[in-house]
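**Q** Okay, handing you the structure first.
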Amino acid sequence: MGHHTEVQIREEKFIFTGKAKRFTFILMGIGLLLAMLGYFTYHPSEHELVLKRLLANILVDGYFFFIIATCAIVFVAISQLSNAGWYVAVRRVPEAISEFMPYGAAIVLVIVTLCLFFLHGGIYHWMHDGVMETDPTLMKKTWYLNKPFFFIRIVLFPAFWIWSAMMIRKYSRNEDIVGGIVNFDKQFKLSAAFMIVFAFTFSMFVWDIMMSIDAHWYSTIYTIYNFATGWVSAFTLIYLMVWYLRSNGYLNIVTDEHMHDLGKFMFAFSVFWTYMWVAQFLLIWYANIPEEVAYYDHRLWGSYKFYFYFNLVMNFAVPFFFFMKRSFKRNRNIGMFVGTCMLIGHWNDVYLLVMPGAMNLAGQITEHNPTGIIDTPAQGVGFMEIGFLALFAGAFLYVVLNALTKANLYPTKHPYIMESALHDTGI
């Protein structure tokens with residue numbers, strides 16, 4: 001165990017090089033071509049499935065990157081409220097990640113708006129004309145699942161989160177100029193208000209955007225499950241971005257101690273995500289209530305079976321067995337491998353949340369089919385899915401890397417910057 005004897009706190013500016021920009025543009029270009037190829041070569045027996053698959057893919061990626069960006073600023077707010085010192089050296093990375101929030105929210109809002117007002121429900125069965133008035137189960141939910149109230153929620157909630165993130169970044173950057181604790185105190189107060197509002201509104205946002213795709217089904221821990229997905233994905237991306245910056249000569253005060261801490265968060269919350277996954281599954285399986293079991297029927301025994309078990313391998317087995325070893329959290333190559341697996345795994349997790357319900361067709365309500373929903377076979381991860389993922393990943397990286405150029409790579413006048421620079425996790 002050792003401490004730094006000399007630490008230089010100096011301004012560091014990230015340069016978004018032409019090579020890095022070309023990489024993001026190439027990624028977006030390849031993604032767009034693959035997505036178009038997948039769209040124009042998809043010829044299902046039901047033409048309606050083409051539109052559904054397109055909308056579902058955009059929603060999967062928009063939602064996935066949006067909750068990562070949102071959870072990144074949540075990490076900053078929680079660290080601010082807990083007076084944490086260790087994270088200050090890497091703070092500008094989650095701040096930069098949060099700059100994707102407006103774009104992610106806009107994408108989700110566009111998809112939901114199209115389904116609400118222009119596409120007769122689209123991937124949301126409950127939005128189809130006449131469904132809420134004739135379905136016995138959904139009739140009981142009309143006080144909450146109605147179009148005006150729904151639209152107000154999906155506009156106001158993300159708008160407040162985005163504004164809070166913008167102000168937190170503003171105060172943080174002002175701190176670099178004026179120093180002192182004035183902006184530090186402003187961040188503390190805003191973080192407190194943000195977290196109180198976020199705790200309630202995120203639950204409703206998740207119910208609206210994700211759980212209402214399967215409107216007949218519900219889970220009492222669905223919110224925390226979605227949060228766990230975004231939370232561990234945000235830590236993973238912060239970890240990967242810090243490794244990228246360090247390998248390019250930036251973040252001189254960040255050490256393997258910081259990487260160890262970020263790796264521990266990835267390890268711990270991958271276990272937490274697994275606990276939520278198992279808790280939700282076992283409770284529903286044991287109770288064996290038809291309305292609840294239907295959600296897993298298509299995913300566990302149906303055509304999405306491969307993706308169901310792939311989830312566990314990538315999101316639990318890989319981080320658990322690799323990051324259990326202390327030195328692996330500090331190893332760049334192993335860390336990049338584990339982090340990449342986890343991001344792919346949690347994208348697959350969101351894919352499973354959306355696709356099975358979104359791709360179902362609306363049929364006639366009969367005695368044998370009281371919901372009027374017709375299950376369709378899994379479309380699988382093809383050119384369209386890979387293409388949209390690459391397209392969104394390229395756009396996300398461009399926004400984040402560009403955001404890193406707007407401020408010092410670490411807050412040089414933060415009250416805890418020296419504490420962070422001298423951070424040591426011990427043994």
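**Q** Taking the stated definitions as given, is PHE14 more than 24 Å from the chain's Cα centre (by Cα) and surrounded by 21 or more Cβ atoms within 10 Å (Cβ to Cβ)?
**A** Here the answer is yes, as PHE14 does meet what is asked.
**Q** Sticking with this one: So for the stretch 154-170 (the condition being touching a Gly at 6+ places or on another chain (Cβ under 9 Å), part of a helix (DSSP H, G or I) and not aliphatic (A, V, I, L, M)), does at least one residue qualify?
**A** Within the stretch 154-170, one or more residues are touching a Gly at 6+ places or on another chain (Cβ under 9 Å), part of a helix (DSSP H, G or I) and not aliphatic (A, V, I, L, M).
**Q** Does MET355 satisfy being touching a Cys at 6+ places or on another chain (Cβ under 6 Å) and either assigned to a helix (DSSP H, G or I) or closer than 30 Å to GLU6 by Cα (or both)?
**A** It is false that MET355 is touching a Cys at 6+ places or on another chain (Cβ under 6 Å) and either assigned to a helix (DSSP H, G or I) or closer than 30 Å to GLU6 by Cα (or both).
**Q** Quick check on the stretch 110-123. Is at least one of its residues in contact with a helix residue (DSSP H, G or I) (Cβ under 7 Å, 6 or more places away or on another chain) and small (Gly, Ala, Ser)?
**A** Yes, that holds for at least one residue.
**Q** A further question on this structure: Answer yes or no: is there a residue in the stretch 118-141 that is within 16 Å of ILE68 (Cα to Cα) and either surrounded by 14 or more Cβ atoms within 10 Å (Cβ to Cβ) or touching a Cys at 6+ places or on another chain (Cβ under 6 Å) (or both).
**A** no
**Q** Within the stretch 171-219, which residues are surrounded by fewer than 21 Cβ atoms within 10 Å (Cβ to Cβ), of a type in the set (Gly, Ala, Ser), in contact (Cβ under 8 Å) with a residue 24 or more places away in the chain and assigned to a helix (DSSP H, G or I)?
**A** Residues satisfying the conditions are ALA192, ALA193.
**Q** Tell me the residue from ILE253, ILE224, ILE238 that is in a loop (DSSP other than H, G, I, E, B), touching a residue at least 12 places away in the same chain (Cβ under 8 Å) and out of contact with any Gly (no Cβ under 8 Å at 6 or more places or on another chain), please.
**A** Of ILE253, ILE224, ILE238, the one residue that is in a loop (DSSP other than H, G, I, E, B), touching a residue at least 12 places away in the same chain (Cβ under 8 Å) and out of contact with any Gly (no Cβ under 8 Å at 6 or more places or on another chain) is ILE253.
**Q** Further question on the same structure: Name the residues in the stretch 129-142 that are at pLDDT 90 or above and not in a helix (DSSP H, G or I), would you?
**A** Of everything in the stretch 129-142, those that are at pLDDT 90 or above and not in a helix (DSSP H, G or I) turn out to be LYS140, LYS141, THR142.
**Q** Oh, and also: Out of the stretch 123-170, which residues are over 30 Å from ASP185 (Cβ atoms) and touching a Pro at 6+ places or on another chain (Cβ under 9 Å)?
**A** Those that are over 30 Å from ASP185 (Cβ atoms) and touching a Pro at 6+ places or on another chain (Cβ under 9 Å): ASP135, PRO136, THR137.
**Q** May I pose another question? Checking the condition closer than 25 Å to TYR218 by Cβ and β-branched (Val, Ile, Thr), which residue from VAL155, VAL178 passes?
**A** VAL155
**Q** Can you tell me which of VAL318, VAL232, VAL313, VAL293 is of a type in the set (Val, Ile, Thr), assigned to a helix (DSSP H, G or I) and buried (at least 22 other Cβ atoms within 10 Å of the Cβ)?
**A** VAL232
**Q** Let me ask something else about it. Going through SER303, SER327 one at a time, which residue ends up being among the hydroxyl-bearing types (Ser, Thr, Tyr) and not in a helix (DSSP H, G or I)?
**A** Checking each option against the conditions leaves just SER303.
**Q** Can you tell me how many residues in the stretch 72-128 are outside any loop (DSSP other than H, G, I, E, B) and under 30 Å from LYS140 (Cβ atoms)?
**A** Total satisfying the criteria: 15.
**Q** A follow-up question, please. Mind checking which pairs have a first residue in the stretch 289-314 that is at negative phi and a second that is among the basic types (Lys, Arg) and surrounded by 14 or more Cβ atoms within 10 Å (Cβ to Cβ), Cβ under 8 Å, 6 or more apart or different chains?
**A** LYS305/ARG299; TYR307/ARG299; PHE308/ARG299
**Q** I'd like the residue in the stretch 241-250 that is among the aromatic types (Phe, Trp, Tyr) and touching a residue at least 24 places away in the same chain (Cβ under 8 Å) and, out of all such residues, is farthest from THR405 (Cα to Cα).
**A** TRP243
**Q** Taking the residues in the stretch 370-393 that are surrounded by fewer than 20 Cβ atoms within 10 Å (Cβ to Cβ) and at pLDDT 90 or above as candidates, determine which candidate is nearest to the chain's Cα centre (by Cα).
**A** Here the answer is ALA393.
**Q** Run down LYS325, LYS305 and say which single residue is loosely packed, with under 15 Cβ neighbours inside 10 Å, over 27 Å from MET241 (Cβ atoms) and either basic (Lys, Arg) or touching a His at 6+ places or on another chain (Cβ under 7 Å) (or both).
**A** Matching residue, one of LYS325, LYS305: LYS305.
**Q** Same structure, new question: All but one of (1) surrounded by 18 or more Cβ atoms within 10 Å (Cβ to Cβ); (2) under 16 Å from the mean Cα position of the chain (by Cα) hold for CYS115, so report the exception by its number.
**A** Unmet for CYS115, out of (1) surrounded by 18 or more Cβ atoms within 10 Å (Cβ to Cβ); (2) under 16 Å from the mean Cα position of the chain (by Cα): (2).
The values are calculated or read from the model by the stated rules, or taken from the named source; none is laboratory data. All figures in this text were calculated on a predicted structure; none of them were measured in a lab. Glycine gets a Cβ as well: all are built from the backbone with ideal geometry, and neighbour counts include every protein chain shown.
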